[in-house]
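Written below as structure tokens is the structure these notes are about.
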Amino acid sequence: MNGTPDPRLGLRANLPQFALLVAVNALVGGVLGQERTVLPLLAGQEFALTGRTAALTYVLAFGVAKAAANYVAGAWSDRVGRKPVLVAGWLVAVPVPLLLVWAPSWSWVVAANVLLGVNQGLTWSTTVIMKIDLVGPRGRGLAMGLNEAAGYLAVAGTALATGYLAARHGLRPAPFLLGLSCAALGLGLSALAVRETRGHARLEAAQAPAPGRGAGPGDREVFARTSLREPALSAASQAGMVNNLNDGLAWGLFPVLFASGGLALPAIGVLTALYPAVWGLGQLATGPLSDRWGRKHLITAGMLVQAGALALVAVAGTFGGWATASVLLGVGTALVYPTLLAVVGDVAHPLWRARAVGVYRLWRDGGFAVGALLSGVVADLWGLRAAVWAVAAVTAASGVVVAVRMYETHPRRARG
């Protein structure tokens, strides 16, 4: 259970396991994507929820659960190993589509999204940590680009597929059976084929400079450094939170906004899939690009592009306008998403890196909960477009914070 007897660092040396983990993370994204098109419409059509804040309780539940599970995943990965946490996350995923299929009330949907948040936190965090373990200090941007691309391309593909399934067969049960298939396959691959990578982290730790004292900082110190004290880590944490704040808006309100513009379910499915598809594909370029150009300026630019894209969503009213905005939102998110994870990998020592990733992802995915509350309240008070404008302003401010507070963390670029 300690991985290979003689672990080696690097993508080429670990290509079979790395490729397997990319496939596993695609299945993680598939479980998430089953909801993106269907659930916001299900809230109004089958459960008669008209208040946006009430309808977004599932996003709030998901965000809180995923944020907490991210933190737990980081801590447990250091204590018991990566693979047990990954398998546990898949076990939690199996009931989710079944609860969504059988839900007689909205409280069942909220409960399913608590489990979905736990699943996503444990599995996605662990695949991130394991890939960072395998590649070592070089190529982190590439590794994170491949990881996040696989996950969000799967989100996009599943969102598109469920939109067509819902149009053809109804909102339930057909779309959620696709999610059940992803969960079953992910559990099987993780239990039978994935190998432990903690030995790779120990090898890198032996080669790295000492972390300062003993086995490194305790959990409280890691939390404080990642959240507030360390400039690059804290800037990354707030940017990650704001990024997922606007993703929570896109998940919960975009389909409703598109429907209010008169678009049919297949068109809504295309728009819902377009943003994560560009996001996913873009990371294949932006991850490696951050290894060559550095991290800070890509993150700053990405946050500002996202803000502009959200402003375009707010003013558009046609399929073409919303499609353009979705593409831009995907581009901005692709610039940010793998690069933020690479920053954490750059700054955190291997002995406490898994915990730092957990803390960063706690803040990042707490953005779903903040986004659900902010956009829901603003939408109920002033309308859907006002909610989009509010999140656009917050996103622009976050980009300014990165520009002012973060330093360049890529080892070669920082030395240059």
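Just so it is clear, none of the values below were taken in a lab; they were calculated from the coordinates. Since the model is a prediction, treat every value here as computed from it, not as a measurement. Positions of Cβ are generated from backbone atoms using ideal geometry, with glycine treated the same way; all protein chains shown enter the neighbour counts.
Sorting the Cα pairs of region 275-318 by distance into bins of 5 Å, from 0 upward, gives 5, 19, 21, 25, 15, 8, 5, 1 percent per bin.
The base-10 log of I(q)/I(0) for the chain, evaluated at q = 0.07 Å⁻¹, reads -0.29 [Debye formula, identical scatterers on Cα atoms, solvent excluded].
For region 228-235, 3J(HN,Hα) computed residue by residue from phi via the Karplus equation (6.51, -1.76, 1.60; θ = phi - 60°) reads 9, 7, 7, x, 5, 5, 5, 5 Hz, glycine and proline entered as x.
Taking only the alpha-carbon atoms of region 277-400, what semi-axes of the equivalent ellipsoid follow from 5 times the gyration tensor eigenvalues under a square root, in whole Å, largest first?
Working: eigenvalues 156, 68, 23 Å².
Semi-axis lengths for region 277-400 are 28, 18, 11 Å.
Using a Gaussian network model of the chain in which every pair of alpha carbons under 10 angstrom is joined by a spring, one finds that among Ala111, Ala159, Ala55 the greatest mean-square fluctuation is at Ala111.
By count of other Cβ within 10 Å, fewest leading, how are His349, His410, His169, His200 ordered?
On the way: His349 17, His410 21, His169 12, His200 27.
Ordered from fewest to most neighbouring Cβ atoms within 10 Å, His349, His410, His169, His200 come out as His169, His349, His410, His200.
Of Asp219, Asp291, Asp380, the sequence from fewest to most neighbouring Cβ atoms within 10 angstrom is Asp219, Asp380, Asp291. Among Ala316, Ala277, Ala236, whose mean-square fluctuation peaks in a Gaussian network model of the chain (Cα, cutoff 10 Å)? In the Gaussian network model the winner is Ala316.
Expressed in nm², what is the orientationally averaged projection area of the convex hull enclosing the Cα positions of region 1-134?
On the way: hull surface 34.3 nm².
Its Cα hull, projected and averaged over all orientations, spans 8.6 nm².
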